[in-house]
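The values are calculated or read from the model by the stated rules, or taken from the named source; none is laboratory data. Quick caveat, the model's predicted, so the values are computed rather than measured. All Cβ positions, even for glycine, are placed from backbone atoms using ideal geometry, and neighbour counts span all protein chains on display. With ligands, DNA and RNA removed, areas are computed over all heavy atoms of the protein, side chains included. Shrake-Rupley method; radii C 1.70, N 1.55, O 1.52, S 1.80 Å.
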Amino acid sequence: MQRRPLIAGLTLAAFARPSLAAPAALDLAALERSVQGRLGFFALDTGSGRTVAHRADERFSTASTFKILLAARVAQGVEGGRWRWEDEVTLHKSERVAHSPAFDRLLPRGRATLAELCAGIVIESDNPCANVLLRHCCDSPAGLTMWLRQQGDDVTRLDRWETELNENLPGDPRDTSTPRAFAKTLRHLLLGDGLSRTNQARLWADLQASQTGLRRLRAGVPDASWRVIGKTGTGYRGAVNDVALVFPPDGRSPWVVVALQSDSRASTEALSAVLAGAMGQLVKAWG
């Protein structure tokens with residue numbers, strides 16, 4: 001976390017300016033045409049302030065990428081003394097919904113700590129664990145939206161529970177964000193002054209441990225000297241997403257990269273390849 005003073009002082013002008021076309025070295029439009037869908041992309045180099053934007057101010061379903069924001073909300077509550085990581089929440093079988101690997105391990109015990117639930121939603125993208133945390137720490141999905149407004153995010157919103165929030169109907173603003181807004185909030189929480197260094201490190205470790213994005217943005221970097229930690233999301237109508245912190249080699253400042261998709265009928269594998277391709281183009285453009 002030694003880069004934090006530089007990152008915390010980064011101007012927010014890059015987020016506020018209108019979307020510019022991606023540089024010539026990137027052809028993100030060709031990638032989205034290859035799957036006949038929409039690709040929203042925003043990347044920020046926190047060292048230089050340079051950006052890449054493609055459909056950066058259009059709304060996309062966040063799907064499970066919201067879970068890193070929920071984990072950050074829990075972490076901020078711990079810092080404020082509202083609860084502790086060791087606090088336990090009672091679990092009920094009736095809370096189970098699809099995709100519940102962590103919840104199913106914890107349910108026989110009948111309870112789980114906030115730390116366990118947060119690890120479940122970030123590392124394994126567990127859906128019932130997310131709903132439990134939304135109830136316990138936000139009262140409702142709308143409560144997470146209210147908290148995001150307090151963080152300066154006037155765009156990102158959560159309206160429904162898992163798994164309904166993955167519906168992604170055409171033109172529906174519920175459970176959506178824009179690549180630019182999501183990137184701004186991600187930078188604030190994971191690299192800026194939104195959380196303490198200790199809790200940023202905790203969330204970084206959980207993002208690093210996640211295996212859900214191995215074929216998405218992570219697959220676009222050339223070798224192991226590049227570190228990519230992120231949170232994926234997958235919903236209906238081509239919502240195959242990834243949001244990440246990218247650490248180039250040689251100790252350079254991290255990049256914030258948000259890639260959201262919609263409207264394609266292509267397979268999850270093909271849409272994951274689009275994200276890997278976008279990351280690969282970014283690496284070539286920025287080195």
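Only one entry in 59, 105, 33 is touching a Gly at 6+ places or on another chain (Cβ under 9 Å), under 23 Å from residue 237 (Cα atoms) and modelled with pLDDT of 95 or more, namely 59.
Filtered by the rule that a residue be over 26 Å from residue 241 (Cβ atoms) and surrounded by fewer than 17 Cβ atoms within 10 Å (Cβ to Cβ), segment 88-125 gives 88, 90, 92, 93, 94, 108, 109, 110, 111, 113. Report yes if some residue within segment 160-171 is assigned to a loop (DSSP other than H, G, I, E, B) and within 17 Å of residue 149 (Cβ to Cβ); otherwise report no. Taking every residue of segment 160-171 in turn, none turns out to be assigned to a loop (DSSP other than H, G, I, E, B) and within 17 Å of residue 149 (Cβ to Cβ). The residue that is surrounded by the most Cβ atoms within 10 Å (Cβ to Cβ), among those in segment 127-141 that are of a type in the set (S, T, N, Q) and closer than 16 Å to residue 233 by Cβ, is 127.
Selection of segment 259-273 for residues being in contact with a Leu (Cβ under 7 Å, 6 or more places away or on another chain) and either without any contact (Cβ under 8 Å) to a residue 12 or more places away in the chain or crowded, with 24+ Cβ neighbours inside 10 Å (or both) yields 259, 261.
For the subset of segment 225-258 comprising residues that are open to solvent by 40 Å² or more (accessible area, probe 1.4 Å) and in contact (Cβ under 8 Å) with a residue 60 or more places away in the chain, which member is farthest from residue 166 (Cα to Cα)? This residue is 252. For segment 142-180, the set of residues classified as crowded, with 17+ Cβ neighbours inside 10 Å and more than 24 Å from residue 126 (Cα to Cα) consists of 151, 153, 155, 180, listed by residue number.
Which condition breaks for residue 215 when tested against (1) out of contact with any Leu (no Cβ under 6 Å at 6 or more places or on another chain); (2) within 24 Å of residue 53 (Cα to Cα); (3) open to solvent by less than 20 Å² (accessible area, probe 1.4 Å); (4) in a loop (DSSP other than H, G, I, E, B)? Exception for residue 215: condition (3).
Out of segment 171-210, which residues are of a type outside the set (D, E, K, R) and within 11 Å of residue 59 (Cβ to Cβ)?
Scanning segment 171-210 gives 171, 173, 176, 177, 178, 179, 181, 182.
Name the single residue, out of those in segment 33-44 being closer than 15 Å to residue 258 by Cβ and of a type outside the set (Gly, Ala, Ser), that is surrounded by the fewest Cβ atoms within 10 Å (Cβ to Cβ). Once the filter is applied, the top-ranked residue is 38. Taking segment 189-211 as the range and being assigned to a helix (DSSP H, G or I) and open to solvent by 40 Å² or more (accessible area, probe 1.4 Å) as the test, the residues that pass are 197, 198, 201, 202, 205, 208, 209.
Residue under question is residue 225, and the condition is that it be assigned to a loop (DSSP other than H, G, I, E, B) and out of contact with any helix residue (DSSP H, G or I) (no Cβ under 9 Å at 6 or more places or on another chain); does it hold? Spelling it out, residue 225 is indeed assigned to a loop (DSSP other than H, G, I, E, B) and out of contact with any helix residue (DSSP H, G or I) (no Cβ under 9 Å at 6 or more places or on another chain).
Candidates 194, 235: the one that is over 28 Å from residue 34 (Cβ atoms) and out of contact with any Cys (no Cβ under 8 Å at 6 or more places or on another chain) is 194. Which of the residues belonging to segment 45-59 are open to solvent by 50 Å² or more (accessible area, probe 1.4 Å) and on the phi < 0 side of the Ramachandran plot? Those that are open to solvent by 50 Å² or more (accessible area, probe 1.4 Å) and on the phi < 0 side of the Ramachandran plot: 48, 50, 57, 58, 59.
Of the residues making up segment 193-204, one or more are in contact with a helix residue (DSSP H, G or I) (Cβ under 6 Å, 6 or more places away or on another chain), small (Gly, Ala, Ser), in contact (Cβ under 8 Å) with a residue 12 or more places away in the chain and farther than 20 Å from residue 54 by Cβ.
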